[in-house]
1. Work out, step by step, the length gained on full extension between residue 217 and residue 171: first 0.36 nm times the residue separation, then minus their alpha carbon distance; give nm to one decimal.
2. Can you check what the net charge comes to around residue 195, using other residues whose Cβ is under 9 Å from the Cβ of residue 195 (Lys, Arg +1; Asp, Glu -1)?
3. Taking the Cα centre as origin and putting +1 on Lys and Arg beta-carbons and -1 on Asp and Glu beta-carbons, what dipole magnitude results for the stretch 160-279, to the nearest 20 debye?
4. Quick one: dipole size for the stretch 218-336, taken about the Cα centre, charges +1 on Lys/Arg Cβ and -1 on Asp/Glu Cβ, in debye to the nearest 20.
5. Summing +1 for each Lys or Arg and -1 for each Asp or Glu, what net charge is found among the other residues whose Cβ lies under 11 Å from the Cβ of residue 275?
6. Subtract the Cα-Cα distance of residue 335 and residue 285 from 0.36 nm times their separation in residues, and report this length gain in nm to one decimal.
7. List every residue whose amide H lies under 5 Å from the amide H of residue 7, counting only residues 5 or more places away in sequence or on a different chain, with H placed 1.01 Å from N in the peptide plane.
8. Along Cα→Cβ, 7 Å out, is where each label goes; now give me the distance between the ones at residue 29 and residue 230 in nm to one decimal.
Amino acid sequence: MAAEQLTVDLDHIDYSALTVPVARADVRLFRAQTKAAERADPSIRTGLATARTVVTVIAIAVFGSVFFSSIGGVIVSGGGVRPAVAIAFVLIFGIVVAVVARSVFGSLTRWAGLMRLSRFAATNGFSFQSSTPAPNFPGCVFQYGDSRTAVDTFATPSGRFLDFGNYRYTTGSGKSRTTHHWGYLALKLDRALPNMVLDSKANNGLFGSTNLPQVFSRDQVLSLEGDFDKFFTLYCPSQYESDALYIFTPDLMALLIDDAAPFDVEIVDDWMFVYSAEDFDFLDAATCQRLFRIVQTVGAKAVSQTENYRDDRAVAAPGPGPGPGIVAPAGQRLRHGTSIGAIVFFGAIAVFWAWSTFGSSWH
C-alpha cells in the first residue's frame with residue numbers, strides 16, 4: 001500500500017498516550033468538555049450512563065435519610081432497636097453505598113480511558129468517536145439486530161479510509177434479549193469485488209459452526225492449496241472460483257495465516273473487513289499494533305492484488321466492456337445457508353421424538 005494513500009503513518013505510531021498517567025483533574029476537565037460538545041452537537045455520544053449514576057446517588061441519599069431518621073426516632077422515643085434489625089439496615093445501606101461507589105469510580109475510570117484514546121487518536125492523526133449509532137457498512141456483521149452502535153472508533157480523516165473499533169447490536173426481546181459484541185477493522189479498497197468470506201476456524205462454535213451472524217451455503221466453499229483450509233473456510237459465489245483464486249494468491253494466504261488467523265475476514269463491495277469475536281482492547285498497545293500490522297500486510301496485499309481486477313460477467317455502463325468497479329449481481333452477495341449446529345439440534349429432537357413415540361414398537 002503506497003504511503004501517500006494513508007494519512008496516518010503506521011510505521012511511526014506513538015503509543016505513549018495509552019499508558020501515560022492521567023491526573024484526576026484532567027479527566028474531570030475532559031469530561032466537562034466532552035459533555036459540552038455533546039450538548040452542542042447531539043450526534044456526539046459517549047455512551048456513559050451518567051444519568052443512572054445521578055439517580056443512584058439520589059436514591060442513597062433518600063434511603064440514608066429515612067434510615068437514620070427512623071433509627072433516631074426510635075432512640076428518642078425511648079424504644080430500643082433490635083440488633084438484628086439494625087444489622088440488616090446497616091448491611092442494606094452498605095450495599096447501596098458500594099453500588100454507588102462502583103458506579104461513580106467506574107465512570108471515572110471509563111472517562112480516563114476515553115481521554116487516553118482521544119489523545120492517542122489526536123497524536124497519530126486519527127479522528128476518534130466514543131459512540132456512533134448505526135454505522136453504514138455493508139459487512140455481514142452490521143446487518144442484524146437493533147440498537148446498532150459502534151464504540152471507540154478510530155478513522156483516517158482523509159486519504160484511503162481506514163476505520164477500526166468495537167461494535168454491538170441486540171437481538172431478541174424480554175429475558176431472551178442478547179447484546180452481541182464485535183471488534184472490527186474496515187479498509188476501503190479501490191474497486192468492487194465479489195463477496196467472499198474467510199470464516200476462521202479458531203473461533204468457531206460447537207460442531208464447527210460459524211460464530212458469524214450470517215450462515216452461508218456450504219456449496220459455496222472453495223478449498224485452497226496448502227494448509228490454508230486448516231485455518232479458514234473460504235466462501236465465494238458460485239461461478240466465481242477463478243476470481244477467488246486470482247485474489248487469494250499463495251502470498252496473501254500466507255499473510256492471512258500469519259497475521260489474521262484468529263479473525264474472520266470479509267470482502268464485500270469495495271471493502272475489506274476483519275472481525276473479532278470479542279471487543280478489541282484499544283488501551284492495550286499490542287492490540288493496536290496487531291491491527292496496524294494486518295493493514296500493512298493483509299490489507300496492502302489485498303489492495304495491490306485487486307488493482308487490476310475486472311468482472312467479465314458484468315456489463316459496464318457506459319463503455320464497451322466490463323467496468324473496473326462493477327460486479328455482476330450473482331457475485332455481489334453470498335447465498336445464505338443453514339447452521340450445522342441447527343441441523344444437528346433439530347435432528348436430535350426428531351430422533352428423540354421418534355424414539356419416544358415409536359420406541360416401544362421397535363423392541
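1. On the way: separation 46, 0.36 × 46 = 16.56 nm, distance 2.25 nm.
14.3 nm is the gain from fully extending residue 217 to residue 171.
2. Values: positive: 333; negative: 266, 269.
Here the count lands on -1.
3. Details: 9 positive and 18 negative charges, 133 e Å.
It comes to approximately 640 debye.
4. Details: 9 positive and 20 negative charges, 67 e Å.
Roughly 320 debye, rounded to the nearest 20.
5. Details: positive: none; negative: 199, 264, 266, 278.
After counting each charged neighbour, the total is -4.
6. On the way: separation 50, 0.36 × 50 = 18.00 nm, distance 3.80 nm.
Stretched fully, the residue 335-residue 285 segment lengthens by 14.2 nm.
7. 158, 160
8. Rounded to a tenth, the inter-label distance reads 5.5 nm.
We did not get these values from a lab; they are worked out from the coordinates using the rules stated. If you're wondering where the values come from, they're calculated on a predicted model, not measured in any experiment. Glycine gets a Cβ as well: all are built from the backbone with ideal geometry, and neighbour counts include every protein chain shown.
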